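Please read the structure below before turning to the comments.
The values are calculated or read from the model by the stated rules, or taken from the named source; none is laboratory data. What you see is a predicted model, and the numbers here were worked out from it, not measured in a lab. Ligands, DNA and RNA are stripped out before the accessible areas are found, and what is left, the full protein with its side chains, is counted by its heavy atoms. Shrake-Rupley method; radii C 1.70, N 1.55, O 1.52, S 1.80 Å.
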Amino acid sequence: LAWSEAHAKASPGKESAMFASLPASVKELPALEIGCGYGGTIQALRCAGFKHIDATEHCPSRAAAVGQSFEISVTEDMPPRRYGLIVSHHVLEHCTDPAALIRECAKRQEPGDWMVHGLPNFEGEPAMGVLLFLPHLWSFTHCTLEIMASECGYACREHSHTEYGLKAFMQRGHPDGC
């Protein structure tokens, strides 16, 4: 547990600045991190001003460590409530049906709410490293992610590429989406 606490409370850096740039009205609503790992994004959300954060994690030991470190409840499934921000970092590529996950997110958001996905960058990572890494069921480009999310009423407002990652900030804007 000591390692996970130190890892979770490490400086959140650039990610926190991106979250801080979101409108104050979004920060007043709960935020959800899907697949919280050891809590690095939770720390970034707190630094950005989010007061209420829920998290999901399928690994029981990580869920327990994050719950204890941040004094939050970590569940296996998404709670049925509204979230101003939903974040996933390297989760969609592991889902058997990533579009279904985005549809579940859309059910918990209203127009103006935000969703952020961090993914391996199909255009930047070596193909053998992405496609032959067995836990990765999918590989995305910015365009494929945007098309999938647009079917649920999200529009990409900002995206960035690094050598190994793609980050997309998407806003729900169409009440007749999913």
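Miscellaneous remarks
- A 1.4 Å probe run over segment 22-101, with the rest of the protein chains in place, finds 42 Å² accessible per residue.
- Percent breakdown of C-alpha pair distances by 10 Å bin, ordered from the shortest bin, for segment 31-84: 28, 60, 12
- Segment Ala24-His159, extension gain: residue separation times 0.36 nm, minus the distance between their alpha carbons: 46.5 nm
- Multiplying the residue separation of Gln68 and Lys107 by 0.36 nm and subtracting their alpha-carbon distance yields 11.2 nm.
- Computed extension length for Glu151-Asp97: 18.0 nm, one decimal, from 0.36 nm per residue of separation with the Cα-Cα distance subtracted.
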